[in-house]
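Undergrad: Below is the structure I would like to discuss, written out as structure tokens.
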Amino acid sequence: MPIRPHIAFLGIGLMGAPQARNILKAGFTVTAWNRSRTKAEALVADGSTVADTPADAVRNADIVVIMLENGPIVTDVVFTQGAAEAMRPGILVVDMSSIKPFEAQDHAKRLAAFDIHHVDAPVSGGTVSAMEGTLAIMAGGEADVYARAEPVLRTMGRPVHVGPSGSGQLAKLANQIIVGVTIGAVAEALLLAKRGGADPARVREALRGGFAESRILELHGLRMVERDFATKGRSVTHLKDLDNAIDAAERLDLPATPYCALTAELFRGLLANEGDLDHAGLLVELERRNHFAA
């Protein structure tokens, strides 16, 4: 039986912790690092070891998986804190953070100077899918490099190779536009129904199975009906992704993205007025704008 590669996992947060656990369950050895060490130590019971620094975590790794908050943090951890210099030539970096496409391309180019391979592989599905190992994973990079990453990615979900470096991030931004705009549409539809005297729960039930059916109507619509806005998908993160999508569109000479821009504005209002609710909380922002008491 071939020896499985040793994994370094950088970023043990709401998403990273269950992802790392699924890698461990699949029989890989894992060294975990997180800025707050206690979060990484929670994986010790699952069989992980813990490193004090990113450089220590990656020193003996074959594959480095990264799940951090944004592009500048990835840049800091990999390049400023010395992780790239500590990696062995030929190692593979799989960055599952949601960052800007041009940042992913820049990271790939800078890592190539160290003879280090790179795949950008952001995810969709939230913490529930992370725990279940059913994340949608969108991967960008060279085909042969992606093939090296695929066995590890499959422990966390369903990976699809979508194109060259940066393409995974473009696919994630496409996902976030669709999800955000659809959440807004479901919220607006249910608010209209309630204002007119219809039962939003029954309306949602009536729409299920028709052309309006979607995972958003199923899951986020239910959260709206039940007014369950406990954070499962952070609004601040979704706003970051929508802003990144607008930035990417402008860089690609695609300045007219009205649906994305309007949804970003709604999230900005939600965060300013209600804080970082679950992204189904767009309903609350629409209620506020319409002076509607729930």
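Undergrad: For Gly196, only one of the following conditions fails: (1) buried (at least 19 other Cβ atoms within 10 Å of the Cβ); (2) free of Cβ contacts under 8 Å to residues at least 12 places away in the same chain. What is its number?
TA: It is condition (1) that Gly196 fails.
Undergrad: Restricting attention to segment 43-57, does a residue exist that is under 24 Å from Val145 (Cα atoms), touching a residue at least 60 places away in the same chain (Cβ under 8 Å) and within 22 Å of the chain's Cα centre (by Cα)?
TA: no
Undergrad: Further question on the same structure: Test each condition in (1) modelled with pLDDT of 95 or more; (2) in contact with a strand residue (DSSP E or B) (Cβ under 6 Å, 6 or more places away or on another chain) for Thr182 and report the one that comes out false.
TA: Of everything listed in (1) modelled with pLDDT of 95 or more; (2) in contact with a strand residue (DSSP E or B) (Cβ under 6 Å, 6 or more places away or on another chain), Thr182 misses just condition (2).
Undergrad: Then there's this: What are the residue pairs meeting all of these: first residue in segment 153-165, first residue more than 18 Å from Glu132 (Cβ to Cβ), second residue in a loop (DSSP other than H, G, I, E, B) and among the acidic types (Asp, Glu), Cβ atoms under 8 Å, and 6 or more apart or on different chains?
TA: From segment 153-165, the pairs are Pro164/Glu142; Ser165/Glu142.
Undergrad: Let me ask another. Take Ile116 and tell me if it is buried (at least 17 other Cβ atoms within 10 Å of the Cβ), without any contact (Cβ under 8 Å) to a residue 60 or more places away in the chain, in contact with a helix residue (DSSP H, G or I) (Cβ under 9 Å, 6 or more places away or on another chain) and more than 28 Å from Asp278 (Cα to Cα).
TA: Taking the combined requirement at face value, the residue satisfies it.
Undergrad: Now, a different point. Mind telling me which of the residues Ala261, Ala249, Ala280, Ala245 ends up being over 26 Å from Ala201 (Cβ atoms) and surrounded by 21 or more Cβ atoms within 10 Å (Cβ to Cβ)?
TA: Ala245
Undergrad: Evaluate the following for Ser129: is it under 30 Å from Leu219 (Cβ atoms), among the hydroxyl-bearing types (Ser, Thr, Tyr) and either touching a residue at least 40 places away in the same chain (Cβ under 8 Å) or assigned by TED's automatic domain parsing to the domain that holds Asn244 (or both)?
TA: no
Undergrad: Hey, another quick one. Restricting attention to segment 140-176, and to residues there that are within 13 Å of Ser98 (Cβ to Cβ) and not polar (S, T, N, Q), which single residue is surrounded by the fewest Cβ atoms within 10 Å (Cβ to Cβ)?
TA: Ala174
Undergrad: Can you tell me how many residues within segment 204-237 are in contact (Cβ under 8 Å) with a residue 40 or more places away in the chain and among the aromatic types (Phe, Trp, Tyr)?
TA: Within segment 204-237, residues that are in contact (Cβ under 8 Å) with a residue 40 or more places away in the chain and among the aromatic types (Phe, Trp, Tyr) number 1.
Undergrad: Which members of segment 230-256 meet the condition of being in a loop (DSSP other than H, G, I, E, B), closer than 17 Å to Thr182 by Cβ and modelled with pLDDT of 95 or more?
TA: None; the set is empty.
Undergrad: Kindly establish whether Val64 is buried (at least 16 other Cβ atoms within 10 Å of the Cβ), assigned to a strand (DSSP E or B) and not small (Gly, Ala, Ser).
TA: It is true that Val64 is buried (at least 16 other Cβ atoms within 10 Å of the Cβ), assigned to a strand (DSSP E or B) and not small (Gly, Ala, Ser).
Undergrad: Give the residues of segment 30-54 that are of a type outside the set (Lys, Arg) and surrounded by 18 or more Cβ atoms within 10 Å (Cβ to Cβ), sorted by residue number.
TA: Hits for segment 30-54 are Val30, Thr31, Ala32, Trp33, Asn34, Ala40, Leu43, Ser48, Val50, Ala51, Pro54.
Undergrad: Consider Leu252 carefully, then state whether it is on the phi < 0 side of the Ramachandran plot, aliphatic (A, V, I, L, M) and touching a residue at least 24 places away in the same chain (Cβ under 8 Å).
TA: no
Undergrad: Count, please, the residues in segment 77-99 that happen to be part of a helix (DSSP H, G or I) and within 19 Å of the chain's Cα centre (by Cα).
TA: 2
Undergrad: Hey, another quick one. Take Ile66 and tell me if it is within 29 Å of Val236 (Cα to Cα) and either modelled with pLDDT under 95 or not assigned by TED's automatic domain parsing to the domain that holds His238 (or both).
TA: yes
Undergrad: Looking at segment 145-153, can you tell me whether even one residue there is assigned by TED's automatic domain parsing to the domain that holds Ala83, touching a strand residue (DSSP E or B) at 6+ places or on another chain (Cβ under 8 Å), in a loop (DSSP other than H, G, I, E, B) and among the hydrophobic types (A, V, I, L, M, F, W, C)?
TA: The answer is no, given that none of the residues of segment 145-153 is assigned by TED's automatic domain parsing to the domain that holds Ala83, touching a strand residue (DSSP E or B) at 6+ places or on another chain (Cβ under 8 Å), in a loop (DSSP other than H, G, I, E, B) and among the hydrophobic types (A, V, I, L, M, F, W, C).
The values are calculated or read from the model by the stated rules, or taken from the named source; none is laboratory data. Everything numeric here is computed off the predicted structure, so don't read it as measured data. Heads up, the Cβs are rebuilt from the backbone with ideal geometry, glycines too, and the neighbour counts pull from every protein chain shown.
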